[in-house]
Structures are given as structure tokens and as C-alpha cells.
1. To make sure I understand the rule: partners must be aspartates and glutamates, Cα under 18 Å from the Cα of LYS242, and not fewer than 8 residues away in the same chain. Which ones qualify?
2. Using alpha carbons only, how many degrees (0 to 90, rounded to 10) separate the axis of helix 150-170 from the longest principal axis of the chain?
3. For ILE216, what is the net charge nearby, where nearby means another residue's Cβ is under 15 Å from its Cβ and Lys, Arg count +1, Asp, Glu -1?
4. Just need the relative contact order of the stretch 201-324 here, percent rounded to a whole number, with Cα pairs under 8 Å and 6+ apart.
5. Pulled fully out, how much extra length does the chain show between LEU239 and ILE168, if you take 0.36 nm times their separation in residues and subtract their Cα-Cα distance?
6. Does anyone have the angle between helix 231-246 and the longest principal axis of the chain? Alpha-carbon axes, 0 to 90°, nearest 10?
7. Step through the residues of the stretch 30-42 one at a time and calculate ³J(HN,Hα) from phi using the Karplus curve (6.51 cos²θ - 1.76 cosθ + 1.60, θ = phi - 60°), rounding each to whole Hz and writing x for Gly and Pro.
Amino acid sequence: MNPETHPAPAVTAARIVLLTSSHRVAPGLLSWPAWRTLRAADLVLCADAEHPQLPYLVEAGVAVEVAAPGARELVDAAGDDRTVVVLVGGEGDRALTDGLARLAGSGRERMPELELLPGSYDLPGARLLDLVEVMDRIREACPWSSQRTHKDLAKYGIEEAYELVEAIEEGDRESLREELGDVLLQVVFHARIAQEHAEEPFSVDDVAATIVEKLIHRHPHVFGDETARTPEDVKAHWLRTKAIEKQRDSVTDGVPLAQPGLALAAKLAGRARTAGLEVPLPEGEGVGYALLRLAAGAEAEGTDPEAALRAAARAYRDAIRAAE
């Protein structure tokens with residue numbers, strides 16, 4: 001092609017702006033560049049009549065035309081000097097951007113300036129909102145999930161916790177990510193069920209608010225005036241604050257007796273040691289008392305007897321497989 005007879009198309013002063021916004025941020029919370037562009041636009045288009053931003057744009061005096069033009073129509077609408085804003089979803093509009101790219105790449109169009117303008121961004125933790133929304137839909141529409149109770153799900157909480165521990169001990173990062181999600185699902189599922197309680201309903205927001213309040217209260221060295229220079233100082237703060245909160249009569253209160261035996265023995269020994277109680281281990285014959293002594297000794301040395309036994313059991317498993 002001879003460039004003298006086929007000069008490159010001139011770039012106009014027009015603009016086509018694809019404005020994205022996250023559905024995980026409250027509608028109307030757009031960046032200043034987004035609002036400035038919307039107010040100055042000659043034409044604002046949106047293909048989705050139910051787009052959550054539309055009522056707020058109208059309230060702000062921004063006229064929006066509900067339409068779904070293709071790339072060719074957008075370029076024509078922009079003309080030589082107009083700014084056209086297209087409000088799209090948070091993931092953009094692949095078909096539209098591909099169409100505009102084809103026109104720009106043809107070398108035969110007087111293309112307006114093309115801009116992708118994020119109007120809002122996800123905040124850290126925003127994807128948790130997706131999980132809550134998905135759980136709501138599953139609870140309403142799934143024949144199995146809609147019938148589950150807290151008691152039905154209890155065993156799954158235990159299973160998922162063990163699978164998480166296994167992923168941690170195996171050092172498997174991919175499994176760790178997956179198992180953390182499975183544990184998180186249990187929390188969200190239980191909270192969703194709790195919303196339906198007739199007398200004492202609570203939601204996942206209430207669950208989050210409770211743990212936030214607890215964490216702040218039990219970390220006065222972070223959120224208050226107290227100081228803690230060592231992990232031991234932090235633990236002392238935690239236990240002291242917890243004791244005041246729970247108003248317990250014994251250091252053993254709150255220790256779940258249904259947990260595995262080695263973990264239970266170590267927990268009890270740790271509570272007694274932290275409280276400064278010198279309580280002799282009960283005398284007795286048999287493997288139970290022998291394991292109690294081993295668990296208490298491991299805890300005093302800073303070793304988790306459950307984790308130690310699991311590591312030994314894995315080594316035993318590997319030996320069995322090698323012998324097969």
C-alpha cells in the first residue's frame with residue numbers, strides 16, 4: 001500500500017470511555033475521575049436497564065440512555081469531538097472492546113480516543129460478599145442445602161478443620177487455599193441458617209462484628225494503651241482479658257472435652273501451667289495414663305502432641321506403602 005495515496009486515518013478529538021464499576025462496592029461510590037467524566041460527557045450509554053449505578057447517576061443529574069450499540073455505532077456517535085461514556089459491568093464488555101480493537105486495527109477508521117476508566121475498585125475482602133450472595137441463593141434454591149440444620153453440618157466442620165490441618169502440615173499451598181475456603185464455607189453456611197431462627201436470628205455480619213469486637217478487646221497492646229513486647233506478654237493479656245469476659249470458675253472451663261484425647265490432655269496441662277497451678281498428674285495404670293503423661297510433658301516442652309503423633313503416623317503410613 002502506498003502511504004501517499006492511502007494516508008493513515010487521523011485521530012479525532014472524540015473519546016469513547018468504557019466505565020467499569022465493581023458490584024462489590026455500594027452503588028454511587030464512584031471515583032472523582034469517573035464522576036467528572038460522566039458530568040462532562042456528551043452521551044452516556046448503558047445496555048443494562050437494571051444496572052445498580054443508574055438510579056444514582058439520574059439522581060446526580062446525569063442523563064443515561066439505555067442502549068447497547070456496537071463498536072461501529074459508538075464510533076459514529078463520538079463523531080469528531082464528542083465524548084461518549086459506556087457504563088459496563090465490573091468485568092468490562094469483551095465483545096464491545098474486541099469490536100473497537102478491530103476497527104482501530106483496520107487502519108481505515110478515524111478513531112476516537114479509547115479509554116477504560118475504572119469507576120470503583122474492590123476493597124480487600126470484597127469477594128466475601130460474593131460468597132454470601134452465592135450462599136443465599138444456594139440456601140433458597142438447593143433441595144439439599146435448604147434443609148440443612150446446624151446439627152447436620154457439625155460433622156463437616158470437624159472434617160474440614162482436619163483437612164485444613166493436613167494441608168498445613170503437608171505444606172501443600174494449593175490444598176491450603178482450597179481447605180481454607182471449605183472452612184470459610186462452614187462459617188457462612190451456619191450464619192445463613194442462623195438468620196432463619198424464629199427467636200434469636202443472627203447473620204454473618206453479626207458473626208463478623210462479634211469477632212472484631214473480641215479481637216480489639218483482647219489486643220489492648222494494639223488498639224489500646226497497654227504494651228506487649230513478647231509473645232508471652234500477648235498471651236498473658238489474652239488469658240487475663242478472656243478470664244474477665246467469661247467469668248469462669250475454673251481454668252478448665254471452656255475446654256471442649258470432645259476434642260481428641262492428646263489435644264485435650266495437652267490443653268488441660270497448659271491451662272494448669274499457665275495459671276501457676278502445680279497439679280500432680282493422676283496415677284494409674286494402662287495406656288491412657290501413659291499417654292496423659294506424654295501429652296503433658298510434650299506441652300511443657302512446647303510440642304503439640306497431636307501434631308507430633310500425626311507426623312509419626314504419616315511416617316508409619318509411608319513405611320507401610322513402601323512395604324506393599
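Rule-based calculations on the coordinates, nothing more; no lab input. Predicted, not measured: the structure shown is a model, and the values here were computed from it. Here the Cβ is made from the backbone with ideal geometry for all residues, glycine too, and neighbour counts use every protein chain on show.
1. In chain and number order, the partners are GLU213, ASP225, GLU226, GLU232, ASP233, ASP253.
2. Here the helix axis deviates by roughly 90 degrees.
3. -1
4. 17 percent.
5. Residue separation times 0.36 nm, minus the Cα-Cα distance, leaves 23.0 nm.
6. With rounding to tens, the tilt is 80 degrees.
7. Per-residue couplings from phi come out as 9, 5, 4, x, 5, 4, 4, 5, 5, 5, 8, 5, 7 Hz.
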